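Take a look at the following structure, please.
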Amino acid sequence: MAARTTARAAVDRSNQSLLIYDKTGKLIVPGEKGEGTAAITGLAAGAKVAEGDYQASFSDGTNESDKVPVSAFDVLPAEG
C-alpha cells in the first residue's frame, strides 16, 4: 500500500494571537502575537481536561476566526 500525505496551506500567523476561552466563552488566555501558542495555567497536576472545556481562535486584533474546541488533554505533573 502506498504512503499517503496530506498537504495543508500554510497560514501566516505572524500578526495574529491565539486566544483561549473557557467553556462559558470567557477569554482566559491571550497568547503573544506571532507565537501561535498560549498556556493555560492554574490546572492541577494530573487533571484530565475534556474536549470542549476550552475553545481556541486566532485574532489579528480586529478580526477573529471561529472558535474551535480544544482537544482533550491530561495535565502533566509539575517538574521538579
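The values are calculated or read from the model by the stated rules, or taken from the named source; none is laboratory data. Owing to the predicted nature of the structure, the values given are computational and were not obtained by experimental measurement. No Cβ is skipped: glycine too gets one built from the backbone with ideal geometry, and neighbour counts run over all protein chains shown. SASA here: full protein model, heavy atoms, side chains in, ligands and nucleic acids out. Shrake-Rupley method; radii C 1.70, N 1.55, O 1.52, S 1.80 Å.
Would you mind checking the stretch 30-55 for residues with the amide N under 20 Å from a putative spin-label position 7 Å along Cα→C-beta of Val68?
30-40, 49-55
Per 10 Å bin from zero, what fraction in whole % of the C-alpha pairs of the chain is there, up to the bin with the longest pair?
16, 40, 28, 13, 2
By the gyration tensor of its Cα atoms, with a ≥ b ≥ c the square roots of the eigenvalues, what is the shape of the stretch 35-80: rounded for a/c under 1.5, prolate for a/b over b/c, or oblate?
Here the stretch 35-80 falls in the oblate category.
Got a number for carbon plus sulfur as a percent of the chain's accessible area, 1.4 Å probe?
Roughly 50 percent, rounded to a whole number.
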